[in-house]
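Trainee: Mind looking over this structure? Questions follow.
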Protein chains: 2
Amino acid sequence: MRVLVADDDPQILKALRIILTAHGYDVSTARDGREAIDAAAHDRPDVIVLDLGMPGLDGVAVIEAVRGWTTTPILVVSGRTDTSGKVDALDAGADDYVTKPFATEELLARIRAVTRRAPEAADGPTVAFGDVVVDLAARQVKRAGQDVRLTPTEWAVLEQLVRNPRRLVTQQTLLTSVWGPTHTRDSGYLRIYLGTLRKKLEADPSRPRHLITEPGIGYRFVPDPE
Amino acid sequence: MRVLVADDDPQILKALRIILTAHGYDVSTARDGREAIDAAAHDRPDVIVLDLGMPGLDGVAVIEAVRGWTTTPILVVSGRTDTSGKVDALDAGADDYVTKPFATEELLARIRAVTRRAPEAADGPTVAFGDVVVDLAARQVKRAGQDVRLTPTEWAVLEQLVRNPRRLVTQQTLLTSVWGPTHTRDSGYLRIYLGTLRKKLEADPSRPRHLITEPGIGYRFVPDPE
DNA sequence: GTCCGGCGTATGGATCGCGTAAAGACGGCC
DNA sequence: GGCCGTCTTTACGCGATCCATACGCCGGAC
């Protein structure tokens, strides 16, 4: 998880870098609004912690500029405690607003809160569950960072399920979409391919948590409950 | 845009209702944690404004219960200013945390911020009653956020009833739609499956409130009595 | 009070569907 | 032609589901 911290105070920058790094984040930094926008575009962070009191560009202008091309969560940190400042920042596109001084634990919790809601706001239409990441566009599956080799049929089944998260996909739908309209009755294919998919993707293939069977009807893909 | 406001202080409740209504929101209210959970399930609001200091259920427990089945944004309002309270609430699934007293303009801005990101959850039209949510499109039933496992026959019966809320469904209709046109006289099947459905979905299976028997005629599904 | 029809519940056996393994068939590639 | 990966087909064990039956309860009719 990458964090961009933008603040003009080198001490705060340093302190935040240490704290965030200690909590497992990759930290990049910016010292003014111009740098912040460049870094946001270049580093593609998962969340931006933005100080409004930076010289040069106005803080709200930075937010609006960044919001022009990305939905990356923005958490504003500011010395201003007045309501209008908060309202302006939030309405410009910030996701949260914390006033200085703040407890680091609270900042971390708020970072978790805003990133929790935008897991797929990263780049690419990926679906993640457990330690698995499915990139539908790239036709690629990774597990714990490692490439997972899927056969064409396995991919076709998985894709159909992943494209309908939480929804039940009937056996007939799967069969016709993968094997063609002639196949309408389960010849046992599905059981086999769901088996191999579970073996490759589930932590415990004998107790699947994401590729669920609905007996007599079909199958269901369930992403992480969080 | 619907807002659920949960607070045990009637004055705050009233004030928020007036303010939010004036800004174009449809407001529903709850006075304790239990009510809040029920209202969240029944009214399906677009955002929940939740006071943590309510009697009865712990605020964090309310958040976790609601998070069990929906991603509706939750904005916590609390008198507690300590860090641990904020961290607990945010990590439980809250999207924002505002301490009393707060400026109404700020609250409104924060509501806009959390709702801006919500993509109006893609789960289809649902029918809710009690702590049960039936998603006809996804063919899924949840109770208090937990998945309820229904057999194909159980689902077929439930679906037929839920699709005709408040209307009486005759035994013959149920039999022919579930078991085929040959079955026209009650062989005792319906009694059995209504029994299991009540066991799985009713708060008190011996005193059903939603799956009602009409003696000699059929059955009737009744959503929550207002 | 007694009878009776309709309903709810429990129980046991037959059946169905699923998961798994293994082996043969097919096609691409060297 | 031989090798390899993938797909198809078949078979078996096991658990869940469904079916069939029986019994107890309740309210209404008489």
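Each value in this text was obtained by applying a stated rule to the coordinates, not by laboratory testing. It should be emphasised that the depicted structure is a prediction, and the values quoted were computed from it without experimental measurement. Cβ atoms come from the backbone with ideal geometry, glycine included; neighbour counts cover every protein chain shown.
Trainee: With springs only between Cα atoms under 10 Å apart, run a GNM on chain B and tell me which of B:D91, B:D32, B:D82 wobbles the most.
Mentor: Greatest mean-square fluctuation among the candidates belongs to B:D82.
Trainee: Separate question: Would you tell me the mean number of C-beta atoms belonging to other protein chains that fall within 10 Å of each C-beta in A:99-106, as a whole number?
Mentor: 3
Trainee: Over region B:78-226, what is the mean sequence separation of C-alpha contacts under 8 Å (at least six apart), divided by residue count, expressed as relative contact order in percent?
Mentor: It rounds to 17 percent for region B:78-226.
Trainee: Let me ask something else. Across the residues of B:150-157, average count of Cβ atoms on other protein chains within 10 Å?
Mentor: Counting other chains' Cβ atoms within 10 Å and averaging over B:150-157 gives 2.
Trainee: Sort A:190-199, B:203-212 by packing, meaning the average of other beta carbons within 10 Å per residue, with the highest value first.
Mentor: Averaged packing, sorted descending, gives the order A:190-199, B:203-212.
Trainee: Run through all the Cα pairs of region A:43-97 and give the fraction in each 5 Å bin from 0, expressed as whole percent.
Mentor: Using 5 Å bins, I get a P(r) of 4, 21, 35, 26, 10, 3, 0 for region A:43-97.
Trainee: Using just the helices of chain B, give the 222 nm mean residue ellipticity in deg cm²/dmol: DSSP H runs with n ≥ 4 each add -39,500 (n - 2.57), and the total is spread over all residues, rounded to 500.
Mentor: -12000 deg cm²/dmol
Trainee: Calculate, for B:D58 and A:R185, the FRET efficiency according to 1/(1 + (r/R0)^6) with r their C-beta to C-beta distance and R0 51 Å; round to the nearest 0.05.
Mentor: In this case the efficiency is close to 0.50.
Trainee: Taking the Cβ of B:R209 as the centre, find all other residues whose Cβ is under 11 Å away and add up their charges (Lys, Arg: +1; Asp, Glu: -1).
Mentor: -1
Trainee: Moving on to the next point. Can you figure out the FRET efficiency of B:D147 with A:A203, using R₀ = 22 Å and their beta-carbon distance, to the nearest 0.05?
Mentor: E(calc), rounded to 0.05, equals 0.75.
Trainee: Considering only Cα-Cα distances, which of the following residue pairs are longer than 31 Å: A:K200/B:K200; A:K200/B:K86; A:K200/B:K142; A:K14/A:K86; B:K86/B:K142?
Mentor: Violating the 31 Å limit, Cα to Cα: A:K200/B:K200; A:K200/B:K86.
Trainee: Report, as a whole number in µm² per second, the diffusion coefficient that Stokes-Einstein gives for the protein assembly as shown at 25 °C and 0.890 mPa s using the Kirkwood radius over alpha carbon pairs.
Mentor: 99
Trainee: Another question about this same structure. For the protein assembly as shown, with only Lys/Arg (+1) and Asp/Glu (-1) charged at the beta-carbon, what is the dipole magnitude about the Cα centre, in debye rounded to 20?
Mentor: 2040
Trainee: Taking only the Cα atoms of region B:1-119, how large is their convex hull per residue, in Å³?
Mentor: 91
Trainee: Using the Cβ atoms and a cut-off under 9 Å, what net charge is assigned to the surroundings of B:A92, where Lys and Arg are +1 and Asp and Glu are -1?
Mentor: Here the charged neighbours net out to -2.
Trainee: So who's got an amide H within less than 5 Å of the one on B:G53, skipping anything under 5 residues away but keeping other chains? H placed 1.01 Å off N, in plane.
Mentor: Result for B:G53 returns B:G79.
Trainee: Using only the alpha carbons, work out the radius of gyration and Dmax of region B:142-215 in angstrom.
Mentor: When restricted to the Cα atoms of region B:142-215, Rg and Dmax are 12.3, 38 Å.
Trainee: I need the calculated FRET efficiency for the pair A:T196 and B:R167, taking r as the beta carbon distance and R₀ as 56 Å, to the nearest 0.05.
Mentor: Computed FRET efficiency for A:T196 and B:R167 comes out at 0.75.
Trainee: Here is a further query. So, by mean Cβ neighbours within 10 angstrom, what's the order for A:214-220, B:17-23, A:44-50 with the highest one leading?
Mentor: Packing proxy ranking, top to bottom: A:44-50, A:214-220, B:17-23.
Trainee: Can you give me the orientation-averaged projected area of the convex hull built on the Cα atoms of region A:80-226, in nm²?
Mentor: Projected area, direction-averaged: 11.9 nm².
Trainee: Provide a whole-number value for the mean count of partner chain Cβ atoms within 10 Å of the Cβ atoms in peptide B:79-91.
Mentor: Per residue, the number of nearby Cβ atoms from other chains is 4 on average.
Trainee: How much length is gained on full extension from B:R116 to B:T81, taking 0.36 nm per residue of separation minus their Cα-Cα distance?
Mentor: My answer for the length gained is 10.0 nm.
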